[in-house]
1. Given a 10 angstrom Cα cut-off, can you work out which residue in Ser15, Ser49, Ser77 is the most mobile in a GNM of the chain?
2. With a probe of 1.4 Å, find how much accessible area the range 1-83 has per residue, and write the answer as a whole number in Å².
3. Could you name the aspartates and glutamates in cross-link range of Lys21, using Cα to Cα under 17 Å and dropping any fewer than eight places away on the same chain?
4. Rounded, prolate or oblate: which fits the range 1-63 when a ≥ b ≥ c are the square roots of the eigenvalues of the alpha-carbon gyration tensor, with rounded for a/c under 1.5 and prolate only if a/b beats b/c?
5. Quick one: net charge of Tyr32's neighbours, Cβ under 12 Å, K/R +1, D/E -1?
6. Can you tell me how the range 27-84 classifies by the Cα gyration tensor, rounded, prolate or oblate, using a/c under 1.5 as the rounded cut?
7. Within the accessible area of the chain, what % is carbon and sulfur when the probe is 1.4 Å and the other protein chains stay in place?
8. From the list (i) 0.94; (ii) 1.97; (iii) 0.97, can you say which value of Rg/Rh (Cα atoms, Kirkwood Rh) was derived from the structure given?
Amino acid sequence: MPNYTEKFVYAEEKSSYFCWKYRKYGITASLYIQKWRVPDPVPATLDVSIRFREEFLSENMNTATIFKKFPDLKNESIVQNVHRVSDHTNTVRFDTSGNDRPITSIYIPKEMIGEKTNQNMIQIIIDWC
């Protein structure tokens, strides 16, 4: 079971990705997902869950090419390992490794990580609402 889940709300579209935001207690966090991985229509909300290393699931490793061939796969949850990039006042930035990954960056509220703030890698599970 995920350690922590929060709802992110659709915010904006950019040239190659969509962005969802989390706003709670004066904290804003962002999630960027490549357009090729987002279902149509674009979901208004997402549930974002965090898992720590001892609870990791198998990652979804499909590429943009696979999603173009099988667009129904876009409706499946995203399961992605992300590594810590930088610490900010109320959030921690995590990015994926490698090319052709669905998530570009996610800014996680520190409260979602809790006492495990020293984690260099976490797993993000994104469920479309």
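1. In the Gaussian network model the winner is Ser15.
2. Details: 4680 Å² over 83 residues.
So the range 1-83 comes to 56 Å² accessible per residue, rounded to a whole number.
3. Lys21 reaches Glu6, Glu12, Glu13, Asp47, Asp95, Glu111, Asp127.
4. Working: a/c = 2.26, a/b = 1.15, b/c = 1.96.
In terms of gyration-tensor shape, oblate.
5. Working: positive: Lys14, Lys21, Lys35, Arg37, Arg93, Arg101; negative: Glu12, Glu13, Asp95.
Overall, the nearby charge balance is +3.
6. Working: a/c = 2.10, a/b = 1.29, b/c = 1.63.
It comes out oblate by the Cα gyration axes.
7. Values: 3240 of 6790 Å².
Of all accessible area on the chain, carbon and sulfur atoms account for 48 percent.
8. Label of the calculated value: (i).
The values are calculated or read from the model by the stated rules, or taken from the named source; none is laboratory data. All figures in this text were calculated on a predicted structure; none of them were measured in a lab. Please note: Cβ atoms are built from the backbone with ideal geometry, for glycine as well, and neighbour counts cover all protein chains shown. We work out accessible area using only protein heavy atoms, side chains counted, and drop any ligands, DNA or RNA first. Shrake-Rupley method; radii C 1.70, N 1.55, O 1.52, S 1.80 Å.
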